[in-house]
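A.B. asks: Starting off with a structure, shown below.
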2 protein chains.
Amino acid sequence: MYIPTLFDVDEAHARIKPHIHRTPVLTSRFINSLAGAELFFKCENLQKAGAFKARGASNAVFGLSDEQAAKGVATHSSGNHGTCLAYAAGRRGIPCTVVMPRTAPQAKKDAVRGYGAKVVECEPSTSSREAVFAEVVAATGAEFVHPYNDARVIAGQATCSKELIEQVTGLDAVIAPIGGGGMVSGTCLTLSNLAPHIKIYAAEPEQADDAYRSFKAGHIIADDAPVTVADGLKVPLKDLTWHFVRNHVTDILTASEAEIVDAMKLIWKRIKIVMEPSSAVPLATILKNKDLFAGKRIGVIITGGNVDLDKLPWQ
Amino acid sequence: MYIPTLFDVDEAHARIKPHIHRTPVLTSRFINSLAGAELFFKCENLQKAGAFKARGASNAVFGLSDEQAAKGVATHSSGNHGTCLAYAAGRRGIPCTVVMPRTAPQAKKDAVRGYGAKVVECEPSTSSREAVFAEVVAATGAEFVHPYNDARVIAGQATCSKELIEQVTGLDAVIAPIGGGGMVSGTCLTLSNLAPHIKIYAAEPEQADDAYRSFKAGHIIADDAPVTVADGLKVPLKDLTWHFVRNHVTDILTASEAEIVDAMKLIWKRIKIVMEPSSAVPLATILKNKDLFAGKRIGVIITGGNVDLDKLPWQ
């Protein structure tokens, strides 16, 4: 298992810069007053293809040799990694296949196809997803770019907090949602090297709290097909992301479905951005753990904005 | 009638800088491909209090003498100017009364009260609004800050396109929604002085096209209580805004209700921002007048983000 280093992050940032946005950091005085802390929202929902995963996917795609690239790339993804790999493959002009749960939002399937990639549907469970994916790779010979358990992907995601600490000085902590742990691992990779005094929190739905239970147990616990409105956070940790989570995360906090939806609506209303339920989990956990964050300067990663506008969770 | 000058704009920008955001400019490759043009969205929905009107309101409030300020400010407004005047008054710590139509979105009434200002309701017509407002001013002695027909307000709004031409080079045109004409007048004031080669377009709902008809007729035509989803654009031109519109606007374009809602949803989906229907009118008119804008670099003012999330127009 290759553990990516700060060198890989710097290389990734140089490689992907033409293909990603340096996303803005937004704030809300009203939300700060609710939280009793200063929150800095790093808006990866405004990233290319609508999610931070454009960073990792672009790093993987643009790092391929021409020979590898000609066979294309493939992945399985509950949504944003698929869209973002399709985006990156489209930028390089190479084939891309994405295995997606048939229950994934229509907007996400459309987005993958919109970038010119092929969608292959599977059942909404980790086991089905992996079985269908194996068939795809056997048929195409495509390079597998895992959504998160991949050193190239983690080095790419790590560029997000690298930008964040350039944009906001004096942060006490950074908090990001955790599903498979790609963003959290990238955050750990950057901050443990460049700003080890900044605490790293991960936020997870109570109804998909496998990372929380893994963290408390000291080994990976994986659930098959958990149910949560935060549909980007259903996947389990893997060995590489577990390495970062175990060694560098201060704590994992959880929130209920209702708390997640309330936080999502609050961000839409006050920050005026369209973001998906997964991205609301950090704020939901901040608002229920005010003592932990009181008076602190907190970076909050808004991970993505790919939501089905016809099926909003408060309606 | 005092016509504000570029000197007033520079003075306004220096005065309001501590109280406003320099809002980001966002782009979408997908929307560019639909439009056949390069569109640069100046995101005043991300402005303080959720609208560009924080600029004009702040300029008026912070330009008052202490003696005037002690009596407070008052206005009538279909929404954002009221919220923004409440915001600015709150920042200075002075009283503020806002006369609003009883049919205005609950979110806008809540926002005004949230900044500590008083809401007085009127009927949803220009005539009722002006009558109720006269009573308020007589009772309080407050300084009237008109939503748009006010040199201080127009000089404040003018700072938006001043920023825009610093942020984006080589613009061929700028397009903004037109209701009373405050933003369009500010745009005219800045661009006619600093970049007179940039064409200025105004965009208006077909169902509230009084500015369009005024422009074609050569004199102000005012409708009482037009009906449109773009609720920020129901008010008529007045003498000061008419001066700028008549002398500096290249053309006024209109869009149907369905075209406005489609453009709104497109921006939410692709730019990932929460903005109100009024802000979608420019894109709606661009998409139906592609020949006019083909291959051009166009600044598009997203004027505000104060929408009721429980009553979205596509639901």
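A.B. asks: Distances from A:VAL227 to the same residue in each other copy, label points 7 Å out along Cα→Cβ, in nm, shortest first?
C.D. replies: From this label point to the equivalent ones elsewhere in the assembly: 4.2 nm.
A.B. asks: Per DSSP H run of at least 4 residues, take -39500 (n - 2.57); add these up for the protein assembly as shown, divide by its residues and hand me the 222 nm value, nearest 500 deg cm²/dmol.
C.D. replies: -13500 deg cm²/dmol
A.B. asks: Please tell me the relative contact order of the stretch B:54-144 in percent, rounded to the nearest whole number, where contacts are Cα pairs under 8 Å and at least six residues apart.
C.D. replies: It rounds to 31 percent for the stretch B:54-144.
A.B. asks: Right, another one. Roughly what would the spin-label model give for B:THR5 and A:THR103, points 7 Å off Cα along C-beta, in nm?
C.D. replies: 6.8 nm
A.B. asks: Compute, for the stretch B:122-224, the length of the dipole vector about the Cα centre, with Cβ point charges of +1 (Lys, Arg) and -1 (Asp, Glu) only. Units Debye, rounded to 20.
C.D. replies: For this selection, approximately 400 debye.
A.B. asks: Counting Lys and Arg as +1 and Asp and Glu as -1, what is the net charge of the other residues whose Cβ lies under 15 Å from the Cβ of A:VAL168?
C.D. replies: Cβ neighbours under 15 Å give a net charge of +1.
A.B. asks: Something else about it: Whole-Hz ³J(HN,Hα) for each residue in the stretch B:96-111, computed from phi via Karplus 6.51 cos²θ - 1.76 cosθ + 1.60 with θ = phi - 60°, x for glycine and proline: what do you get?
C.D. replies: Calculated HN-Hα couplings, in order: 8, 10, 10, 8, 10, x, 5, 8, 4, x, 3, 4, 6, 5, 4, 5 Hz.
A.B. asks: If you don't mind, another one. Please compute the modelled spin-label separation between B:GLU135 and A:GLU135, points set 7 Å along Cα→Cβ, answer in nm with one decimal.
C.D. replies: Taking the simple label geometry, A:GLU135 and B:GLU135 are separated by 7.2 nm.
A.B. asks: Under the rule of at least 5 residues apart or a separate chain, name every residue whose amide H is placed under 5 Å from the amide H of B:VAL99.
C.D. replies: For B:VAL99, the qualifying residues are B:THR75, B:HIS76, B:SER77, B:VAL120.
A.B. asks: Next question. Can you list the copy-to-copy distances for A:PRO18, using a point 7 angstrom from Cα toward Cβ, in nanometres, shortest first?
C.D. replies: Here A:PRO18 shows inter-copy label distances of 4.5 nm.
A.B. asks: Going 7 Å from Cα along the Cα-Cβ axis for the label, what nanometre distances separate A:ASP308 from the same residue across the other copies?
C.D. replies: Copy-to-copy label distances at A:ASP308, shortest first: 2.6 nm.
A.B. asks: Where the centre of each part is set by its Cα atoms, how far does the stretch A:95-163 sit from the stretch B:221-285, in angstrom?
C.D. replies: 40 Å
A.B. asks: Separate question: Using a Förster distance of 35 angstrom, determine the FRET efficiency expected from the C-beta separation of A:SER192 and B:LYS118, and round it to 0.05.
C.D. replies: The calculated FRET efficiency here is 0.10.
A.B. asks: Is the protein assembly as shown best put as rounded, prolate or oblate by its Cα gyration tensor, with a ≥ b ≥ c the root eigenvalues, rounded for a/c under 1.5, and otherwise prolate when a/b is larger than b/c, oblate when not?
C.D. replies: Taking the square roots of the gyration eigenvalues as a ≥ b ≥ c, the protein assembly as shown is prolate.
A.B. asks: With springs only between Cα atoms under 10 Å, which of B:THR303, B:THR228, B:THR190 fluctuates most in a Gaussian network model of chain B?
C.D. replies: Sorting by GNM fluctuation, first place goes to B:THR228.
A.B. asks: Which value, in square angstrom to the nearest 100, describes the accessible area buried between chains B and A on both sides, using a 1.4 angstrom probe?
C.D. replies: 2100 Å²
A.B. asks: Would you please put B:158-171, B:4-17 in order of how densely packed they are, using the mean number of other Cβ atoms within 10 angstrom per residue and starting with the highest?
C.D. replies: B:158-171, B:4-17
A.B. asks: Also: Apply the a/c threshold of 1.5 to the C-alpha gyration tensor of the stretch B:54-144 and tell me whether it is rounded, prolate or oblate.
C.D. replies: Oblate is the answer for the stretch B:54-144, as a/c is 1.5 or above yet b/c matches or exceeds a/b.
A.B. asks: On to the next question. Within 10 Å of each Cβ of B:27-37, how many other protein chain Cβ atoms are there on average?
C.D. replies: Taking the mean over all residues of the peptide, I get 1.
A.B. asks: I would also like to ask the following. Counting Lys +1, Arg +1, Asp -1, Glu -1, what net charge surrounds B:PHE52 among other residues with beta carbon under 9 Å of its beta carbon?
C.D. replies: After counting each charged neighbour, the total is +2.
A.B. asks: In addition: Leaving out ligands and nucleic acids, note down the accessible area per residue over chain A with a 1.4 angstrom probe, in whole Å².
C.D. replies: Value for chain A: 35 Å² per residue.
A.B. asks: Based on Cα coordinates alone, diagonalise the gyration tensor for chain A, multiply each eigenvalue by 5, take square roots, and list the semi-axes in whole Å, largest first.
C.D. replies: In descending order the semi-axes read 28, 21, 19 Å.
A.B. asks: Expressed as a rounded percentage, what relative contact order does the stretch B:196-238 have, with Cα pairs under 8 Å and six or more residues apart?
C.D. replies: Across the stretch B:196-238, relative contact order equals 36 percent.
A.B. asks: What shape does the stretch B:166-315 take by its C-alpha gyration tensor, where a ≥ b ≥ c are the square roots of the eigenvalues and a/c under 1.5 counts as rounded, a/b above b/c as prolate, and the rest as oblate?
C.D. replies: Note, shape of the stretch B:166-315 comes out oblate.
A.B. asks: Express as a percent, rounded to the nearest 5, the fraction of DSSP beta bridges in the protein assembly as shown (both residues included) that run antiparallel.
C.D. replies: Percentage antiparallel, nearest 5: 10.
A.B. asks: Restricting to Cα pairs below 8 Å that are 6+ residues apart, what does the relative contact order work out to for chain A? Please round to a whole percent.
C.D. replies: 23 percent
A.B. asks: Give me the distance in nm between label points sitting 7 Å out from Cα along the Cα-to-Cβ direction at A:ALA258 and B:ASP308, one decimal.
C.D. replies: The two pseudo-label positions are separated by 2.4 nm.
A.B. asks: Under a Cβ-Cβ cut-off of 11 Å, what is the net charge of the residues other than B:PHE293 that fall near it, where Lys and Arg count +1 and Asp and Glu count -1?
C.D. replies: Here the count lands on +2.
A.B. asks: For B:ALA70, put the label point 7 Å out on the Cα→Cβ axis and report which residues of the stretch B:138-179 keep their amide N under 15 Å from it.
C.D. replies: Output list for this probe position: B:141-143.
A.B. asks: Please report the carbon-and-sulfur percent of the accessible area for the protein assembly as shown; probe 1.4 Å, protein heavy atoms only, DNA, RNA and ligands left out.
C.D. replies: The value for the protein assembly as shown is 51 percent carbon and sulfur by accessible area.
A.B. asks: Using protein chains only (no ligands, no nucleic acids) and a 1.4 Å probe, work out which residues of the stretch A:257-290 have their accessible area cut by at least 40 Å² relative to the chain alone.
C.D. replies: A:LYS265, A:TRP268, A:LYS269, A:LYS272, A:VAL274
The values are calculated or read from the model by the stated rules, or taken from the named source; none is laboratory data. What you are looking at is a predicted structure, and each value in this text was computed from that prediction instead of being measured. In this analysis, Cβ positions are derived from the backbone assuming ideal geometry, glycine residues included, and neighbour counts consider all displayed protein chains. Only protein heavy atoms, including side chains, enter the accessible area calculation; ligands, DNA and RNA are left aside. Shrake-Rupley method; radii C 1.70, N 1.55, O 1.52, S 1.80 Å.
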